[in-house]
Amino acid sequence: MQKVVIEGTVLDSLLTYSRMSHPQEGILLLRGKTRKGVVEVTGVTIPPAAIHSRTYSSFNWWMIPVDLSYIGVAHSHPSGYAVPSHQDLLHSSGRIMIIMGYPYANESSLGVFDHKGNRVPFEIRREAHQG
């Protein structure tokens, strides 16, 4: 995997959801596609019946409809440490994992990782405003 490209609206959703969930962890499914080593994150979905606490968040994959556009999971770390824990790595699903660290201010609050926990470079794609 060369890099991850995150749509600006997705970044806004990740940070807003993390702030709303704080001080508990929030969790979201990532939607997108992979092409020539580049993972594009184009949307998020709130998983049904997700469990949230101050130290973990989870959901049951059996409740998620089969959909090949799911490419990974994003969750927040209220501690501010946006690096995968041992438990995060044991329960990693999909091609990528995004962790949002408190204070959820901007893209510097994000850590992006492959399914093995290796950091992956990322960029934010902002749509140009037409005037």
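Quick notes
- Rounded to 5, the percent of DSSP beta bridges in region 3-125 classed as antiparallel: 60
- Gyration tensor (alpha-carbon) shape descriptor, region 3-125, a/c threshold 1.5: rounded
- The modelled label-to-label distance between residue 36 and residue 69, using points 7 Å beyond Cα along the C-beta direction, is 2.3 nm.
- When peptides 118-125, 94-101 are ranked by their average number of other Cβ atoms within 10 Å per residue, the highest-first order is 94-101, 118-125.
- Listed residues 46, 115, 65: farthest to the positive end of the dipole of the chain (Cβ charges): 115
- At full extension, residue 116 and residue 51 could sit 21.1 nm farther apart than now, given 0.36 nm per residue minus the alpha carbon distance.
Every number in this text was worked out from the coordinates using simple rules, so none of it is lab data. What you see is a predicted model; the values in this text were computed from it and never measured. So basically every Cβ, Gly included, is an ideal-geometry build from the backbone, and we count neighbours across all protein chains shown.
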